[in-house]
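Student: The structure is given below, and queries will be raised subsequently.
The values are calculated or read from the model by the stated rules, or taken from the named source; none is laboratory data. Quick caveat, the model's predicted, so the values are computed rather than measured. Positions of Cβ are generated from backbone atoms using ideal geometry, with glycine treated the same way; all protein chains shown enter the neighbour counts. Surface accessibility is based on the protein's heavy atoms, side chains included, excluding ligands, DNA and RNA. Shrake-Rupley method; radii C 1.70, N 1.55, O 1.52, S 1.80 Å.
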Amino acid sequence: MARKKQEEAPQGSPAWMATFSDLMNLLLCFFVLLFSMSSVDAEKFEQVVASLSDSINIFESGNVGVGDGQLISNGISQLNNLGEYFNDMGNSSKENNESNSADPEKQYKEKLEAEQKKVTEELYEEVQEKVENKKIDQYVSVDMDDNYQFVKISMYGAILFDSGDADVKSDAIPLLSSIGDILKSYDNYLIKIEGHTDNVPITHSSVYKNNLWLSSARASTVWEYLTEKKGLDPSTLEASGRSEYDPVADNKTAEGRKKNRRVEIKIYSETKD
């Protein structure tokens, strides 16, 4: 017996889908008609908005919370504080990072400067103590360089020399000897001896033609005494004349000129590695 041939399915969409599509179109048209025939009462809408704004006030400023509390305003305040807190944290972190990432060369330089300052301050205290122990503090002054490079012993020129002369006075020899004893403790340091004068020109009767020659001669005389009589190492001593070009007081007054006529001995400090 022959097998019955199977019928082929109809072409196109199922019949129910066409009915459903028609229904959706009709519903859409219905709602469009409803919307077109409706009207919004703007006045009532504004009244509702005003009522809600007066009760909880979240539409404009948000400064009143629901009920009696200050929920929203407190929340805003806390958010602001939170922002400041994170800003502070960021700044602190940034500062720490900058500190940690500082230039190593700069850090090394600052370390050397701190060590130099410490060494010079200790040297100043030692020299000052030695001067006091020698009981010559009324004749000399001890100072420290602002950049912490050296300690300076200053002597008035009138104590050591006669006017226009570079020979040490006989009664100034004990003072110079005491200073030499102090300098022996620093014989391995660089020591500079500087002669200074006031701005009064040298007279023609003097053996020195100007103040530069006189100041240089006085510094050289002190240098010779310290090396020959006190045995200091000549290789660590330097002598130079500064004339009137490095005053410490006003040359317009007699007292100022007296202070400017001086011999300075600078002991340069060392930073031990």
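Student: Among strands (runs of 3 or more DSSP E) lying entirely in the stretch 106-206, which contain 3 or more residues that are within 40 Å of the chain's Cα centre (by Cα) and free of Cβ contacts under 8 Å to residues at least 24 places away in the same chain?
Tutor: On the way: elements: 140-144, 150-156, 191-196.
Answer list for the stretch 106-206: 140-144.
Condition check ((1) open to solvent by 60 Å² or more (accessible area, probe 1.4 Å); (2) in a strand (DSSP E or B); (3) over 27 Å from G180 (Cβ atoms)) across all residues:
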site	(1), (2), (3)
K209	yes, no, yes
S215	no, no, no
S220	no, no, no
T227	no, no, no
S235	yes, no, no
E264	no, yes, no
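Student: I've got another one for you. Look through S154, S170 and report the one residue that is of a type in the set (S, T, Y) and either open to solvent by 30 Å² or more (accessible area, probe 1.4 Å) or touching a Leu at 6+ places or on another chain (Cβ under 9 Å) (or both).
Tutor: None of the other options fit; the residue is S170.
Student: Among residues belonging to the stretch 242-262 that are open to solvent by less than 20 Å² (accessible area, probe 1.4 Å) and in contact with a strand residue (DSSP E or B) (Cβ under 9 Å, 6 or more places away or on another chain), point out the one that is farthest from Y148 (Cα to Cα).
Tutor: S243
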